[in-house]
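Below: one structure, written as C-alpha cells.
Each value in this text was obtained by applying a stated rule to the coordinates, not by laboratory testing. This is a predicted model, so every value here is computed, not measured. Because the Cβ atoms are built from the backbone with ideal geometry, glycine has one as well, and the counts that use them run over all protein chains shown.
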Amino acid sequence: MTQQRAVIAGVSGREPKLDEDTYTAPTSVVVGAVTMGPGSSLWYGAVMRGDCEAITLGEGSNIQDNCTVHADPGFPTHIGAGVSVGHNAVLHGCTVEDDVLVGMSATVLNGAVIGAGSLVAAHALVPQGMQVPPGSLVAGVPAKIKRELTSEEHEGIKANAAAYRHLARGHRDEFSPVQD
C-alpha cells in the first residue's frame, strides 16, 4: 500500500506556506495562498483553498475532518490562534479570532467576524457580515447571540485545542498505514 499524503499545491502564482510544525493529514488539501502557523493541523478530508484570497490559520489551531475553508475576492479568511473548527464546518471569507470553537457542521460566511473566546454552536449559520462580540455563544439558522460564555466554557475551548495539538503530534509521528 502506498502511503497517501496531503495535497499541497500552488495555483495562479499563489503558494502555501506551512510551518514545519504543522500536521496535514493524508487526504487533506492545501491549495494557493494558505499560511499554516506552528502547531496547527488540517485533518482527513479537509480543504483549505486560497485560490481567490489568502487564508491564515493561527498557531495551535485545528481544522477537523471534512471541513472547507475558502475565500472570495475581497474576503480573505483569517483564523486566529487556539481555534478548533469542528467536523464538516464551512468557513468562507470570514474572521475567526483567537480561542474560538466552531461547532460541527456550522457555516460562517463572508465578512462575518467571530470575536475571541466565542463558541459557534453545531449547525449554526453565521450570516454574511455578522459581528459576534468576544466571549459569546451563537446558535441557530440564522445564528443569533444567545449569551456570554462561562469561564468553564472558555476553559473547555482551550482544552479542546490543546487536545487536538496532542492528537496531531501522534498522527504525524506514529501514522502507520496497514499493508495489503
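The mean sequence separation of alpha-carbon pairs under 8 Å and at least six residues apart, normalised by the residue count of segment 48-180, gives a relative contact order of 16 percent. With the convex hull of the Cα atoms taken as the outline of segment 82-131, the averaged projected area works out to 2.6 nm². Comparing mean-square fluctuations of ALA33, ALA163, ALA81 from a GNM of the chain with C-alpha springs under 10 Å, the top value falls on ALA163.
Please sort by residue number the GluC sites (Glu not before Pro) in segment 1-71 whose DSSP state is loop and whose Cβ has at most 12 other Cβ atoms within 10 Å.
Passing sites in segment 1-71 are GLU20.
For the chain, what does -39500 (n - 2.57) per DSSP helix run (n ≥ 4), summed and divided by total residues, give at 222 nm, in deg cm²/dmol to the nearest 500? Don't skip to the answer; put the middle values down first.
Working: 1 runs with 24 residues, N = 180.
For the chain, the value works out to -4500 deg cm²/dmol.
Hey, what angle do you get for helix 151-174 against the long axis of the chain, alpha-carbon based, 0 to 90 degrees rounded to 10? Roughly 10 degrees, rounded to the nearest 10.
So for segment 121-166, considering every pair of alpha-carbon atoms, how many percent are separated by more than 17 Å? Tail fraction, whole percent: 43. Averaging 1/r across all pairs of distinct Cα atoms in segment 7-174 and inverting the result yields a Kirkwood radius of 15.3 Å. Taken over the alpha carbons of segment 1-82 as equal point scatterers, the Debye sum produces base-10 log I(q)/I(0) values at 0.11, 0.22 Å⁻¹ of -0.24, -0.96.
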